[in-house]
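The structure appears right after this line, and notes come after that.
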Amino acid sequence: MSDRVLEVNNLSVVYQDSTVFGKKSNFQALTDVSFHIDHGEIVGLVGESGCGKSTLSKAILGMLDDAKVTGEIRHYTKRPQMVFQDPHGSLNPARTVGWILEEPLRIFGKYDAPERKRRVLDMMTRVGLDHELVTHKPRELSGGQKQRVSIATALIQRPRFVVADEPVSALDVSIQGQILQLLLNLRDELDLSYLFITHDLNLCYSICDRVLVMYKGQIVEQGPVDEVYEHPQHEYTKALLDAVLK
Amino acid sequence: MKQYLKDKNFRAGLLITGIMLCVILIGLLWTPYDPNAMSGSEKLLKPSATHLFGTDNFGRDIFSRVIQGAGATFLIAAAAVAIGLVIGLIIGGLTGYYGGVLDEILMRISDTILAFPSILLALVMIAILGKGKYNIIIALGILFIPSFARIVRSEVAKQKNTDYVRNARLMGASNMRILFLHIMPNIVPVLLSSVAIGFNNAVLSEASMSYLGVGVQPPDPSLGRLLSEAQGYLFQAPWYAICTGLAIILLILGFGLLSEGMGGE
C-alpha cells in the first residue's frame, strides 16, 4: 500500500582533495547510510552541524561532483527538487522573479510562452506572492518572499519529492511559521513527500512523521517521531533530546 | 545603470565620453575642412576663428585631422577590445567552469603572454603580420585576450559553486545554458569596468604604435600618428601637439572615470 518515493541503501560518501601531484587527504562524510521515504511522508533529518546532513541531501539529488559516492540511491519519482537553506544564494541575483520561475519550464520545452506565463502566475498565487513581483530582482524582495520564490521554483516543476534543507533557519522567527505552514499546505495540495533537514528538534517533532538521527556521518537511530522522542535508544539521541528538554 | 548614475565619477565620465563620441560621430560625416587637403599658403597657422586648432606643415586643418584621428583611434581601440572580450569570455568561461587540465594549460599560456611587456609583444606581432590599421587591431586584440580571460575565469569560478547554479543543474539545465544564461549575467558589472580599463589601454597602445610608425599609415590621421607628426614642429607649432594630446587625454579620462564610477559600487 505504501509506495516508496526514495530508497537509499548503504550510501557512503568520501570527499577527495586532489592536487596536481595526485590524490591525497580523504574525508569520510557519510558511512553506510540506509533509509527510505514513503509517499506522503515528512521525514525529518536531525543532527548537529557538520554531521553530514547537507552532504546527504546533496548526494540524494546527485549534486556532489567532487566526491566519491558509493551505494544505491533509487528515486521512484521524476525530477526530485530541493528548497535551499539560504534564499539569498539560491536565486540568481541578476535575473527577475519571472525569469527565475519560468526557467525550469523553458528547460522542459513542453509549453509555449503564454502557457509558461500562466503557470508562473498560477504558482505565484499558490505560494502567496503578489503578481507584480514578476519584474523584480531577488534583492528587492524580503527574506520570506525570497523563500517563497525559491519554493515556487522547485514546485513549478511538479515534483513529488522535495528535499527541504533547513528551509526556515535563515529567516526571521516571525516569518518561519508562515513558510512552514505554506510547505505543509502545499504537501496536501500537490501531493508531496519531504525530506526535512533541520537542527531544531521541536520543529521536527511538530511537523515530521518519521525521524532520522544522524551523528558523525551515520544514521544512529530512525523511526516514528513519537517513538524516538519518548524512547531514544542511542546515547547520542538521548543527549540531543536532553539538551533540548532542559 | 541606475545605481551607477548616483556616482559623480560615473556622471563626469559619461559626460566627457558622450561629448567625445558625438564629435567623433559627426566627424565621420562632416569635418570643417578635408583632413587631407593641403594648402601651400596656409602652413603652420596659429589657432584662429577659421582654423580652430591652427594648421600643420602642409597647411592641413588640425581640428579636422584631430576629429578624424580620434575616430580612427576609437574604432581601432573598440575593435581590439571587442576581439579580446569575445575570445576572453569564451576561454575564461570554459576554463572557469570546467577547470581541469585545459584550465591549467590555457592559464600557463596566458601567464606567458602577460609576462612580456605588451608593447614589445605587439611590435613582434606587427613584425610578423606587417604594418597597418587592421593588423594593429588583430595584434592588440590578441594581447587583450589573457586579461579578459583571467577576469572572466575567476568570476565564473566564484559563481560556479553557488546554490543558484546547483539549483539550475537540478532543473536539468545544460552546462552551456548554466554558463551563458545563468552565470554570465552576474559577471557583467565586473566586466563593464574592465572593458573601460581595457579600452583605455587600447587607446594608449594604438597611440604609441602609430607614434612609432607601425600603426595607421600616412596620410590617414590617428591620434598617435598626429603626435608623431607634431613632434617635428614642437617649437614652431606647439598647438599641434597640445591639441592632439588633449584629445587623447579626454578620451582616456572619460573612460577612466566611467570605470572608476562602476568599480566603486
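Yes or no: A:LYS53 surrounded by 18 or more Cβ atoms within 10 Å (Cβ to Cβ), of a type in the set (Lys, Arg) and facing another protein chain (nearest Cβ under 10 Å)? Give the derivation first.
Details: surrounded by 18 or more Cβ atoms within 10 Å (Cβ to Cβ): yes; of a type in the set (Lys, Arg): yes; facing another protein chain (nearest Cβ under 10 Å): no.
No: the conditions fail for A:LYS53.
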Can you tell me which residue in region B:124-154 is modelled with the highest pLDDT, limited to those that are within 15 Å of B:ALA82 (Cα to Cα) and of a type in the set (Ser, Thr, Tyr)? B:SER147
When (1) over 22 Å from B:LEU251 (Cβ atoms); (2) part of a helix (DSSP H, G or I) are applied to B:SER48, the one that fails is (2)
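Of the residues A:ILE107, A:ILE42, A:ILE100, which is closer than 24 Å to A:LEU155 by Cβ and away from every other protein chain (no Cβ under 14 Å)?
Values: A:ILE107 fails: away from every other protein chain (no Cβ under 14 Å); A:ILE100 fails: away from every other protein chain (no Cβ under 14 Å).
None of the other options fit; the residue is A:ILE42.
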Among (1) within 13 Å of another protein chain (Cβ to nearest Cβ); (2) at positive phi - the single one A:ASP32 does not satisfy: (1)
Out of all the residues in region B:144-166, which are in contact (Cβ under 8 Å) with a residue 24 or more places away in the chain, among the basic types (Lys, Arg) and within 18 Å of B:HIS182 (Cα to Cα)? B:ARG153, B:LYS160
Pairing a residue in region A:203-221 that is farther than 23 Å from A:ARG187 by Cβ with any residue that is assigned to a strand (DSSP E or B) and among the polar types (S, T, N, Q), where Cβ atoms lie under 7 Å and the two sit 6 or more apart in sequence or on different chains, gives A:GLY217/A:GLN28; A:GLY217/A:THR31; A:GLN218/A:THR31
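Name the one entry in B:PHE63, B:PHE10, B:PHE53 that is among the aromatic types (Phe, Trp, Tyr), in contact (Cβ under 8 Å) with a residue 24 or more places away in the chain, open to solvent by 40 Å² or more (accessible area, probe 1.4 Å) and not in a loop (DSSP other than H, G, I, E, B).
Working: B:PHE10 fails: open to solvent by 40 Å² or more (accessible area, probe 1.4 Å); B:PHE53 fails: not in a loop (DSSP other than H, G, I, E, B).
Being among the aromatic types (Phe, Trp, Tyr), in contact (Cβ under 8 Å) with a residue 24 or more places away in the chain, open to solvent by 40 Å² or more (accessible area, probe 1.4 Å) and not in a loop (DSSP other than H, G, I, E, B) holds for just one of B:PHE63, B:PHE10, B:PHE53, which is B:PHE63.
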Of the conditions (1) within 14 Å of another protein chain (Cβ to nearest Cβ); (2) hydrophobic (A, V, I, L, M, F, W, C); (3) open to solvent by 10 Å² or more (accessible area, probe 1.4 Å); (4) over 30 Å from A:GLN222 (Cβ atoms), A:ALA113 clears all except one; give me its number. (1)
Give the residues of region B:76-102 that are over 22 Å from the mean Cα position of the chain (by Cα) and surrounded by fewer than 18 Cβ atoms within 10 Å (Cβ to Cβ), sorted by residue number. B:TYR98, B:GLY99, B:GLY100, B:VAL101, B:LEU102
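The values are calculated or read from the model by the stated rules, or taken from the named source; none is laboratory data. Just so it is clear, the structure is predicted and the values come from calculations on it, not from any experiment. FYI the Cβ positions are ideal-geometry reconstructions off the backbone, even for glycines, and counts take in every protein chain you see. The protein model used for the area step is the full one, side chains on, heavy atoms only, and it has no ligands, DNA or RNA in it. Shrake-Rupley method; radii C 1.70, N 1.55, O 1.52, S 1.80 Å.
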